[in-house]
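Following this message is one structure expressed as structure tokens.
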Amino acid sequence: MFNSMIGNCLKATLTGISLLTTMTTNADMTNTEKAAALLDSFNTGDQSAIAYINPDKYIQHNLSAADGLAGMGEVFANAPPEGFKAKVHRIFADGDYVVAHTEYDFFGPKAGFDVFRFEEGLIVEHWDNLTEITPPNPSGRTQFDGVTEIEDSEKTGDKKIAESFVNDILIDGKFDLVTNYVNAENYLQHNSGVADGLDGLTQALEYFAANDMVMVYEKAHKVLGSGNFVLTMSEGRFGKAPGSHVAFYDLFRISDGLIVEHWDVIEEIPPQSEWKNQNGKF
């Protein structure tokens, strides 16, 4: 029933939703509220939520889905009978972008990040990164728990801290500078295989070296943040050397100028011959 509702809604959108009416109806909603409502429609089947997408300009960066609303319709057409589920744990806006940290039942349990770009109050572009949900890490933390409250949402300085950490430490390998960016005494880690603190990070890197594995960041494509939360979207290689081509999405919580908490999703980028759209991952 849910998939039928979404399918009918997509048809209606493609054949005649008035953008003027949509923008007037949703004039009092923020972009963050619209993105949250769209994700919640996975649970409720609310047909109206699809109207938050511009049907004439929807650029898709999930390489497993075709471009536009037609591509979204194909995904839902292949959903299981019970449909999909989505639970948003963290969500914030940065200008025309909205970032959501989401727990999915999407062809199985998934942890994910979604990024939406808005123009004139409608979604025109979407990026995401998904991975399987795993058991708690060595410190007992999951991929979703931890602080959720956005503090000082107008503050932008923490974006520079996260960007410099990715460039200096993860890309350039200047590990002697790590304490310039990370709170060594209070660093909470949500990566499935890494424990809290700098000791946990060091142990993970030693394990990689001993097992001929790599985690190489090559380029940071986007840095989006609000107050104490910053998401970086990077490209690199991960896994058994020489490593698979992957997208790294890292969410940092920053306090007093230092990173104190970290969540991430690493997803392999398929070869271009398998892409269902040509927009690229980033």
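The numbers here are math on the coordinates, done by the rules we state, and not lab data. All of these numbers come straight from a predicted model, not from anything done at the bench. Don't worry about glycine lacking a Cβ; one is built from the backbone with ideal geometry, like all the others, and counts go over all protein chains shown.
Please check: in the Gaussian network model of the chain (C-alpha springs, under 10 Å), which one of 204, 49, 66 has the largest mean-square fluctuation.
204
List residues of segment 90-105, by number, whose backbone nitrogen lies under 19 Å from a label position 7 Å along Cα→C-beta of residue 145.
Those under the cut-off are 90, 101-104.
Oh, and also: For residue 117 and residue 176, what is the calculated FRET efficiency with R₀ set at 41 Å and r taken between the beta-carbons, to the nearest 0.05?
Rounded to the nearest 0.05, the efficiency is 0.65.
Hey, another quick one. Assuming 0.36 nm per residue, please report the length gained on full extension of the stretch residue 107 to residue 48 beyond their Cα-Cα distance.
So the chain would gain 18.9 nm between residue 107 and residue 48.
Now for a different question. Which order do the peptides 142-154, 90-102, 256-268, 163-175 take when ranked by the mean count of other beta-carbon atoms within 10 Å per residue, highest first?
90-102, 256-268, 163-175, 142-154
Still on this model: List, in the order given, every pair from 159/281; 87/174; 174/276; 219/276 whose Cα-Cα distance in the structure shown is over 31 Å.
Distance filter (> 31 Å) returns 87/174; 174/276.
Please give the length that would be gained between residue 256 and residue 85 if that part of the chain were fully extended, namely 0.36 nm times their separation in residues minus their C-alpha to C-alpha distance (nm, one decimal).
Working it through step by step, the gained length comes to 58.0 nm.
Compute the Cα gyration tensor for segment 178-274, then decide on rounded, prolate or oblate, letting a ≥ b ≥ c be the square roots of its eigenvalues: rounded whenever a/c is under 1.5, prolate when a/b is larger than b/c in the other cases, and oblate in all that remain.
The shape class here is oblate.
For residue 211 and residue 268, calculate 0.36 nm times their separation in residues minus their Cα-Cα distance, and state this gained length in nm to one decimal.
Full-extension gain reported as 18.6 nm.
Moving to a separate point now. Hey, can you grab everything whose amide H is under 5 Å from the amide H of residue 94? Only 5+ residues off in sequence or another chain; H modelled, so Pro and N-termini drop out.
HN-HN under 5 Å from residue 94: 99.
Express as a percent, rounded to the nearest 5, the fraction of DSSP beta bridges in the chain (both residues included) that run antiparallel.
The antiparallel proportion sits near 90 percent.
Something else: Name the long-range amide H neighbours of residue 53: under 5 Å, sequence gap of 5 or more, or other chain; modelled H, no Pro or chain starts.
Here 123 satisfy the definition.
Ok, one more. Please identify the helices of the chain, taking whole runs of DSSP H, that span at least 15 Å along their own axis as judged from the Cα atoms and have a mean Kyte-Doolittle score of 0.0 or higher.
Helices passing the filter in the chain: 2-16, 197-210.
Turning to a different aspect of this structure: Of the candidates 158, 250, 212, which one comes out as most mobile in a Gaussian network treatment of the chain with C-alpha springs shorter than 10 Å?
Between 158, 250, 212, it is 212 that shows the largest mean-square fluctuation.
Something else now. I need the shape label for segment 28-86. Rule: rounded when a/c is under 1.5, else prolate if a/b > b/c, else oblate, with a, b, c from the alpha carbon gyration tensor.
The shape class here is oblate.
May I pose another question? Suppose each label sits 7 Å from its Cα in the direction of the beta carbon; what would the residue 133-residue 56 distance come out to in nanometres?
4.0 nm
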